[in-house]
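The values are calculated or read from the model by the stated rules, or taken from the named source; none is laboratory data. Since we're looking at a predicted model, the values are computed, not measured. Note that each Cβ is placed from the backbone with ideal geometry, even for glycine, and that neighbours are counted across all protein chains shown. Keep in mind that these areas ignore ligands, DNA and RNA; they rest on the heavy atoms of the full protein, side chains included. Shrake-Rupley method; radii C 1.70, N 1.55, O 1.52, S 1.80 Å.
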Amino acid sequence: MEKVYTIERVVEIKFEDGNLISFEDCWLRDHCRCSTCYHADTYQRSQHILDIPDARVKSFSFSKTQLNIIWDCGHNSLYSAEFLLQFDYKKWSDKRRLRPQLWRGTEVTDKVARLNVKQFLSSAEGAKPVFQSLLDYGVAFIEDVSPNLMGTEEVCQALGGVQRTVFGGMWQFTTKPDHADTAYTNLPLAVHNDNTYFTEAAGLQILHCIEHTGGSGGKTVLVDGFYGATELRKNCPEDYEFLTTFDVEAEYIEEGHHHSYSAPIIRINRSTQELTQIRYNVYDRSAMAFADGGLCRSYYRSLRNLARYYQDPANQWQFKLKPGTVMVIDNFRVLHGRTSFTGTRVLCGSYVTRSDWLDRARTLKLIG
Ligand SMILES: [Fe+2]
Ligand SMILES: [Zn+2]
């Protein structure tokens, strides 16, 4: 077992399997897992960052299974090889990577989960295919649900719990306009993400069409927002760069409420360049002032070029939702809309926060 403590204060260890990993001494001191430094029962650190000394390694030894460090502050730390091996950066970041499988048009019709509600509600394990489908495609269906608010609520609870917003917790709406929103009319609704005006948009949108009688139309339209963004990056890199950096303001106003939030339309992880959120809603954009004319023109050009992907029927998946089928979509990724309709159409559903549904997925070991 080779080990070195360099003058740059780095501990380099060559593990049994040949893995060579470097640890800064400040990292090692911070990651001490002794009972003074760490509460193993709550998985929390017990020392304030300002109380953890910037110590140097006084002496150390490494056996097959553990690293033992005596610090110049007098503290003694033990680390298992198994613990340390998790922090090989590549492995560590790979484990956390979401692996969305991009789609266009109708190509995921037969791939997304369509799970019977009995199986979905049977156990955490039984619900797994729905969470896997949401991670992979951003869409899942739960079938044979009672076509009412109560039946839908049970599904929402099992997806992570109902999120309360200005629209309530569980909501139900018809063509009756009781909120200042285009969704409450029978006009066509171009694809969009919800809540671009919230500091954190809803994670999941759950929609259940519990009645459509005396008319036609009202097809649901879905688009993979990540696919459109990826195409834009390939074909119009300048526009992609603009939409990933320029803050676009969105707002929601009704009597007694004014939500507003500014952020890029395409959000990415700056260190990995991976897409993290699409915040696209052409209706909820605020009236905005621009620092200069160039920015203003870039904004319109980029947004139109992105919108072309999302409006292209070849990229859209259209279908008719039937009473009994609950549709679940990842609002950070998949855009939704609907065609115009006649007759009485009643929908119910709710939102689930992203933190809450990813919590379920992580507990099921589907993500790191
Ligand atoms: Fe919507
Ligand atoms: Zn310690």
Taking the chain as the region of interest, what is the percent of Cα-Cα pairs per 20 angstrom bin, listed from the shortest bin to the one with the maximum distance? 25, 45, 26, 4, 0
Which FRET efficiency value, to the nearest 0.05, do you get for Ala263 and Leu364 by plugging their Cβ-Cβ distance into 1/(1 + (r/R0)^6) with R0 = 30 Å? 0.55
Hey, can you rank 279-287, 153-161, 26-34 by average C-beta count inside 10 Å, highest first? 153-161, 279-287, 26-34
Can you tell me how much longer the chain between Ser123 and Lys95 gets when fully stretched, taken as 0.36 nm per residue apart minus their C-alpha distance, in nm with one decimal? 7.6 nm
Give a residue-ordered list of calculated ³J(HN,Hα) values for the range 209-224 (Karplus: 6.51 cos²θ - 1.76 cosθ + 1.60, θ = phi - 60°; whole Hz; x for Gly, Pro). 7, 8, 6, 9, 10, x, x, 9, x, x, 6, 7, 10, 10, 9, 6
Could you calculate the contour length gain from Glu254 to Arg56, that is, 0.36 nm times the residue separation minus the distance between their Cα atoms, to one decimal place in nm? 65.4 nm
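Heavy atoms only, probe 1.4 Å: what % of the accessible area of the range 237-283 goes to carbon and sulfur, would you let me know? Walk me through the intermediate numbers first.
On the way: 1120 of 2380 Å².
After summing per-atom areas, the C and S share lands at 47 percent.
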Taking H as built 1.01 Å from N, whose amide H comes closer than 5 Å to the amide H of Val191, not counting residues under 5 places away? none
Once you sort the root eigenvalues of the Cα gyration tensor of the range 2-96 as a ≥ b ≥ c, which label holds: rounded (a/c under 1.5), prolate (a/b larger than b/c) or oblate (the other case)? oblate
Compute the normalised compactness of the range 44-183: alpha-carbon radius of gyration over 2.2 N^0.38 Å, N being the residue count. 1.74
Can you compute the modelled spin-label distance between His39 and Asp88, with each label point 7 Å from Cα toward Cβ, in nm? 3.3 nm
Using a 1.4 Å probe, what is the accessible area per residue for the chain, in Å²? 50 Å²
Using a Förster distance of 22 Å, the FRET efficiency for Val10-Ser63 (Cβ separation, nearest 0.05): 0.65
Taking the chain and a Cβ-Cβ threshold of 4.7 Å, the cysteines left without a partner are Cys26, Cys34, Cys73, Cys156, Cys209, Cys236, Cys296, Cys348
Highest mean first, how do 100-109, 9-18 rank when packing is the count of other Cβ atoms within 10 Å averaged over residues? 100-109, 9-18
Under a Cβ-only charge scheme (Lys and Arg +1, Asp and Glu -1), can you give me the dipole magnitude of the chain about the Cα centre, in debye to the nearest 20? 720 debye
Which residue, chosen from Gln318, Ala287, Gly169, occupies the Cα position most advanced towards the positive end of the dipole of the chain, where the dipole is computed from +1 (Lys, Arg) and -1 (Asp, Glu) charges on Cβ about the Cα centre? Gln318
Assigning unit charges at the beta carbon (Lys, Arg +1; Asp, Glu -1) and nothing else, what dipole magnitude in debye, to the nearest 20, does the range 2-96 show about its Cα centre? 100 debye
